[in-house]
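The structure under discussion appears below in the form of structure tokens.
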Amino acid sequence: MIKFKEYTLDNGLHVVLHKDENSSIAVTNLLYDVGSRDEDENQTGFAHLFEHFMFEGSQHIPNYDSPLQEAGGDSNAFTNPDCTNYYNILPAVNLETALWLESDRMLGLAFEEESLATQKSVVMEEFKEHYLNKPYGDQWHLMLDLAYTHHPYRWPTIGKNLSHIEGMDMKAIKDFFTKYYVPNNAYLSIAGNFDEEQVRHWIETYFGSIPSKNIPDRQLPKEPTQRELRRIKHHASVESNALIVMWHCSARMAKTYPSEDILSDVLGSGRSSRCQKELIDKQQLFADLNVYVLGSLDPGLLVFEGRLHDGISYKEAEDALWKTVEALQSEGLTDQEFKKVINKTLTDQAMDDLQLQNIAYNLSFFASQGDTNGINTESALYNKLKASDIQEAARRVLTQSNASVIHYCKTKASSTS
């Protein structure tokens, strides 16, 4: 049980405090409710670029990391389709430094053209390295563009293409900051060993005077129900052919999400999973494979991806996958299989709750979803599952009409290299 206290400042900043007297460190986690799904389809990659820009200095602090490092701390951030998250880890005695730094960049950034040019260059190099020049790097662009036709999940967080990043200017940066980086669109959590009265005073001192603003209503286009199988073939200079199959599934906070999460583990998590035993160990069709759910806040995807052994046809591999799925749909799980995957999931969740950084993020995340105590109650949703729930999820989700298939083919040049 993660104990916490929460409250909201007059300007709308939601604060969650978790005290751990056995820790010598403290973690601050500041989640902004904006991600790549909030971007204009003609200017994608913006949320991620802005995450980088946030480390370029504020009105009063020319370099964000220097004061934090002097206080013995470290910082990082990530952007996904649903949110942008910033965290600091430092000795608990220096917690005030992190709160001062986070509040100052929420209040106002330096907005220097040279800094923007630097970060655009960094992000463009990241795009090239991981999405253009890396084997299978364009996989996510292909996957999302095929699976989604309307919802802004149809482009990855890095952006659709380099030209969108190249075209970002300072006016757009300022508009984005003004629109989304406000206290009433943020969730601050603090985990560690601290004096609560002192921390509340610091939070009020540093964040309390930052004005709230009207946040635009999120009106995202809904993804229509997929009613027929989609299929594309893509050629690239890679070492092995790959098969990717995606099915639309539930949103992260939906009641049906836990059963679909477990379904993905039953299919592809670990040596004893269905696909591992059948498609790798027994039939030796794939060199490796993985099955996972995206866990997005709007309805997401359950994904199978695997790299085929040389000489294995796509038809052979795909037919075998569907037979494995159909066996699960018709026969269900054994008691031993079900208990094993549930126990592993609950153990992983319990291990998550032992790390302050994970606690801080999860408190911010669940607070942003309107139920901070979800950090404690989510495991109960998994505990209540029955084997029949997983079978039902397989029948509901893993249909051909709900599937999008990619044959990621190696070129002749790569096969002879």
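Taking the residues in region 173-210 that are of a type in the set (K, R) and under 30 Å from E113 (Cα atoms) as candidates, determine which candidate is surrounded by the most Cβ atoms within 10 Å (Cβ to Cβ).
Only one residue tops the list, namely K179.
Which of (1) in a loop (DSSP other than H, G, I, E, B); (2) out of contact with any strand residue (DSSP E or B) (no Cβ under 7 Å at 6 or more places or on another chain) is the odd one out, the single condition F176 does not satisfy?
(1)
Residue-by-condition table, conditions (1) over 18 Å from the mean Cα position of the chain (by Cα); (2) within 20 Å of T256 (Cβ to Cβ):
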{"site": "K339", "(1), (2)": "yes, no"}
{"site": "Q349", "(1), (2)": "no, yes"}
{"site": "L356", "(1), (2)": "yes, no"}
{"site": "A360", "(1), (2)": "no, no"}
{"site": "F366", "(1), (2)": "no, yes"}
{"site": "D371", "(1), (2)": "yes, yes"}
{"site": "T377", "(1), (2)": "yes, yes"}
{"site": "K384", "(1), (2)": "yes, yes"}
{"site": "A387", "(1), (2)": "yes, yes"}
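Tell me, yes or no, whether region 22-30 has at least one residue that is within 18 Å of the chain's Cα centre (by Cα), closer than 25 Å to E378 by Cα and not acidic (D, E).
yes
Is it fair to say K213 is over 26 Å from the mean Cα position of the chain (by Cα) and either modelled with pLDDT under 95 or surrounded by fewer than 20 Cβ atoms within 10 Å (Cβ to Cβ) (or both)?
Here the answer is yes, as K213 does meet what is asked.
With the condition being aliphatic (A, V, I, L, M), I'd like the strands (runs of 3 or more DSSP E) fully within region 1-117 carrying at least 3 qualifying residues.
14-19, 25-32
Give me a count of the residues in region 103-146 that are closer than 16 Å to F46 by Cα and free of Cβ contacts under 8 Å to residues at least 12 places away in the same chain.
3
Can you tell me which residue is nearest to D38 (Cα to Cα) among those in region 148-173 that are part of a loop (DSSP other than H, G, I, E, B) and among the charged types (D, E, K, R)?
Of everything passing the filter in region 148-173, K160 is nearest to D38 (Cα to Cα).
Yes/no per residue for (1) under 30 Å from N185 (Cα atoms); (2) part of a loop (DSSP other than H, G, I, E, B):
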{"site": "P299", "(1), (2)": "yes, yes"}
{"site": "A317", "(1), (2)": "no, no"}
{"site": "L328", "(1), (2)": "no, no"}
{"site": "Q349", "(1), (2)": "yes, no"}
{"site": "D371", "(1), (2)": "yes, yes"}
{"site": "S379", "(1), (2)": "yes, no"}
{"site": "E392", "(1), (2)": "no, no"}
{"site": "H407", "(1), (2)": "no, no"}
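Would you mind telling me which numbered condition in (1) in the same structural domain as F53 (by TED's automatic domain parsing); (2) in contact with a Cys (Cβ under 8 Å, 6 or more places away or on another chain) V182 fails?
Condition (2) is where V182 drops out.
Out of L385, L381, L328, L363, report the one residue that is hydrophobic (A, V, I, L, M, F, W, C), closer than 25 Å to G306 by Cα and either in the same structural domain as H14 (by TED's automatic domain parsing) or in contact (Cβ under 8 Å) with a residue 60 or more places away in the chain (or both).
Within the list L385, L381, L328, L363, the selection yields L328.
Looking at (1) under 15 Å from A26 (Cβ atoms); (2) in contact (Cβ under 8 Å) with a residue 40 or more places away in the chain; (3) surrounded by fewer than 19 Cβ atoms within 10 Å (Cβ to Cβ), find the lone condition where E223 falls short.
So the condition that E223 fails would be (1).
The values are calculated or read from the model by the stated rules, or taken from the named source; none is laboratory data. Since the model is a prediction, treat every value here as computed from it, not as a measurement. Backbone-built Cβ (ideal geometry, glycine too); neighbour counts: all protein chains shown.
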